[in-house]
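Engineer: Let me give you the structure first, and then I'll get to my questions.
Values in this text are rule-based calculations from the coordinates and carry no lab data. Note that this is a predicted model, so its numbers are computed, not measured. Please note: Cβ atoms are built from the backbone with ideal geometry, for glycine as well, and neighbour counts cover all protein chains shown.
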Amino acid sequence: MSIIESIEITPIAFRDPPLLNVYGIHEAWALRTIIEIKTVDGHYGLGESYGDEQTIGQLRAMVEHLIGMDVFCLNEIKQKIASVITLPDPNSGLEIAPGTLGVTTVPRIFSAFEVACLDAMGKITQRPVYELLGGKVRDEVPYSAYLFYKYESHKFTDDPWVDKWGAALTPEGIVAQAKSMIEEYGFKSIKLKAGVFEPQQEIDALKALRQAFPEHPLRIDPNGGWSVETTKALLSQFDDGLLQYLEDPVPSKKSMGEISAVTDIPLATNMCVIGFFDVPEAIKLDAVQVILSDHHYWGGLKATQELAQICKSWDIGLSMHSNSHMGISLMAMTHAASTIENLSYACDTHYPWQEEEVIKGGKIKFKDGAVVLSDKPGLGVELDRVALAKLAENYQNCGIRSRNDVAEMQKYDPSWTGTVPRF
Ligand code: GKR
Ligand code: MG
């Protein structure tokens, strides 16, 4: 037994570059929450989740119910959360961070505590989390270079900070960004966030990437920003094997099914299949050939393994999705991915876009595009309490309480609506 004595829920804010997507533009600060569970026998475990007001309120509301429970009894903790949580409107939340939708509330909240409990269990038993999940099948987890169109700097902030990446608004700009990111991190796959410019301009960028990186698998993700007609008209340009997969070209299972009926290019999603409840219809419609898992809203690391089993049974590929995050999430993703044989694509990560950290030793190092697992207990990371206090202060001062890429873009263009499909 290792009883929970206290839980700290700390919202943080860290600088985020002006990254563009179909909904608009990232604000100057990205939000997350750090969860710290302390046990009566003097151990602690860390989790990381979304930092929107709704999630913070739901996490805080759980604390009194979880104190006194055993960190090893995850099933009981899950049942407790499901029985006491107040469910919001299932459609509330901002779709671009799929985990913040009302419909994912229980898995999202459980996941945050599950990761912290697993980290505590690992620290108590002196075992890495991957061993608590059944053991690793790979020693390192590959990630992809996640490219974004972006402005050079945020226009509507008083903070003088400017990121190191520069502007990227053309195919040449995207290739230059890929070169810098791959030089620094060694990534072996590339994903382009799209839905920002006319599709042809974005496909020209993909073709330029193909020329510059002939061996790197490529993906493009317009976040449902293209219509069915537009997507169909573009498909022939992908015929020569340009894409490893096409991610969320259109916005629903039904429309993904319509595309899938006319192409052999694998379609991937982190938008229209966001929980176990979505799987039967997706299979019925043959809507997707690759699911991007995300423990933050699928219900944790063990739920990610369950999703992997479903994907194996139905011959669906499995990859991993990401939003802006810190090192605790990176290590949770890495431990889960290391245990899943059929998680065979390089995972997404926004990590290169972040400069700050909450863990001791600063940012996690990548080797040849991958994070290498160690045999350190738990997630293998420790909290840097000075850094946490600084990022918590950022949260208090930044004024942002829920991510809103649409409203941020309206500062640049008051007529902006962020409606999809856009093209
Ligand atoms: O951060 O702009 C972004 C991404 O578009 C993110 O919000 C998405 O959830 O990365 C995600 C995706 O693959 O769709
Ligand atoms: Mg996506």
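Engineer: Distance from a point 7 Å along Cα→Cβ of LYS367 to each backbone N in segment 110-153: keep the residues under 15 Å and list them by number.
Structural biologist: Only 138-143 pass the distance filter.
Engineer: Counting helices only, and only those DSSP H runs with n ≥ 4, report the 222 nm mean residue ellipticity of the chain as the sum of -39,500 (n - 2.57) divided by its residues, in deg cm²/dmol to the nearest 500.
Structural biologist: The helix contribution divided over the chain gives -11000 deg cm²/dmol.
Engineer: Rounded, prolate or oblate: which fits segment 38-150, taking a ≥ b ≥ c as square roots of the Cα gyration tensor eigenvalues, rounded meaning a/c under 1.5, else prolate when a/b beats b/c?
Structural biologist: The shape class here is oblate.
Engineer: Putting +1 on Lys and Arg Cβ atoms and -1 on Asp and Glu Cβ atoms, find which of GLY45, ALA337, SER293 reaches farthest to the positive end of the dipole of the chain.
Structural biologist: Value computed over the given set: GLY45.
Engineer: Full extension from SER180 to GLN211: what is 0.36 nm times the residue separation minus their Cα-Cα distance, to one decimal in nm? Write out the running numbers ahead of the final one.
Structural biologist: Details: separation 31, 0.36 × 31 = 11.16 nm, distance 1.60 nm.
Roughly 9.6 nm would be gained on extension.
Engineer: Near the amide H of ILE359, under 5 Å away, which other amide H atoms are found, from residues 5 or more places off or on another chain, if H is placed in the peptide plane?
Structural biologist: Sorted by chain and number, the residues that satisfy this are GLY327, ASP384.
Engineer: Taking the Cα centre of segment 112-214 as origin and charging only Cβ (+1 Lys, Arg; -1 Asp, Glu), how large is the dipole, in debye to the nearest 20?
Structural biologist: On the way: 13 positive and 15 negative charges, 72 e Å.
For segment 112-214, the charge dipole is close to 340 debye.
Engineer: Arrange the peptides 309-315, 76-82 so that the one whose residues have, on average, the most other Cβ atoms within 10 Å appears first.
Structural biologist: On the way: 309-315: 13.0, 76-82: 17.1.
Those peptides, ordered most packed to least, come out 76-82, 309-315.
Engineer: In whole Å, what is the distance between the alpha-carbon centres of segment 234-275 and segment 318-351?
Structural biologist: 21 Å
Engineer: Further, regarding this structure: Using the Karplus curve 6.51 cos²θ - 1.76 cosθ + 1.60 with θ = phi - 60°, work out ³J(HN,Hα) for each residue of segment 36-48 in order, rounded to whole Hz, and write x for Gly and Pro.
Structural biologist: Using θ = phi - 60°, the values come out as 10, 9, 10, 9, 5, 8, x, 9, 9, x, 10, x, 9 Hz.
Engineer: Hey, can you rank 211-222, 45-56 by average C-beta count inside 10 Å, highest first?
Structural biologist: Top of the packing list down: 45-56, 211-222.
Engineer: Let me ask something else about it. Mind checking the angle between helix 171-185 and the chain's longest principal axis? C-alpha axes, 0 to 90 degrees, to the nearest 10.
Structural biologist: Between the helix axis and the principal axis of the chain, the angle is about 30 degrees.
Engineer: Then there is this: What FRET efficiency comes out for the pair VAL40/TRP314, r = Cβ-Cβ distance, R0 = 60 Å, nearest 0.05? Please list the in-between numbers first.
Structural biologist: Numbers: r = 44 Å, r/R0 = 0.73.
Efficiency for this residue pair is about 0.85.
Engineer: Among PHE197, GLY186, TRP165, whose Cα lies farthest out toward the positive end of the dipole of segment 131-372, if unit charges sit on the beta carbon of Lys, Arg (+1) and Asp, Glu (-1)?
Structural biologist: Checking the options against the dipole of segment 131-372, the answer is GLY186.
Engineer: Further question on the same structure: At 0.36 nm per residue, minus the direct Cα-Cα distance, what do ASP159 and GLN237 gain on full extension? Give it in nm, one decimal, please.
Structural biologist: Difference between extended and current length: 23.9 nm.
Engineer: Per residue of segment 389-398, in order, report the coupling 6.51 cos²θ - 1.76 cosθ + 1.60 (Karplus, θ = phi - 60°) as ³J(HN,Hα) in whole Hz, putting x for Gly and Pro.
Structural biologist: Calculated HN-Hα couplings, in order: 4, 5, 6, 5, 5, 3, 4, 4, 8, 6 Hz.
Engineer: For the peptides 120-127, 197-204, what is the packing order when you average, over each peptide's residues, the other Cβ atoms within 10 Å and list the highest mean first?
Structural biologist: Ranked by mean Cβ neighbours within 10 Å, highest first: 120-127, 197-204.
Engineer: Give the residue from PHE276, SER324, ILE364 lying farthest towards the positive end of the charge dipole for segment 131-372; charges sit on Cβ (+1 for Lys and Arg, -1 for Asp and Glu) and the dipole is referred to the Cα centre.
Structural biologist: Comparing the listed Cα positions along the dipole, ILE364 ranks first.
Engineer: Sticking with this structure for a sec: What does the charge dipole of segment 1-88 about its Cα centre add up to, to the nearest 20 debye, if the Cβ of each Lys and Arg holds +1 and the Cβ of each Asp and Glu holds -1?
Structural biologist: Working: 6 positive and 12 negative charges, 29 e Å.
Dipole size: approximately 140 debye.
Engineer: Charges at C-beta only: +1 for Lys and Arg, -1 for Asp and Glu. How large is the resulting dipole of the chain about its Cα centre, in Debye rounded to 20?
Structural biologist: About 320 debye.
Engineer: Related question: Per residue of segment 251-264, what does 6.51 cos²θ - 1.76 cosθ + 1.60 with θ = phi - 60° give for ³J(HN,Hα)? Whole Hz please, x for Gly and Pro, Karplus curve as stated.
Structural biologist: Values per residue, Gly and Pro as x: x, 9, 4, 4, 6, 4, x, 5, 6, 4, 5, 10, 9, 9 Hz.
Engineer: Spin-label point model (7 Å from Cα, Cβ direction): what's the ASN91 to LEU169 distance in nm?
Structural biologist: 3.6 nm
Engineer: Got the relative contact order for the chain handy, in percent, Cα pairs under 8 Å and 6 or more residues apart?
Structural biologist: 23 percent
Engineer: Something else: List the residues, sorted by chain then number, that are 5 or more residues from LEU318 or on another chain and whose placed amide H is less than 5 Å from its amide H.
Structural biologist: Correct list: ILE291, SER344, TYR345.
Engineer: If you don't mind, there's one more thing I want to ask. Given H placed 1.01 Å from N in the peptide plane, which residues other than close sequence neighbours of ILE220 have an amide H under 5 Å from its amide H?
Structural biologist: Residues meeting the criterion, in which the H sits 1.01 Å from N, are LEU192, TYR245, GLU247.
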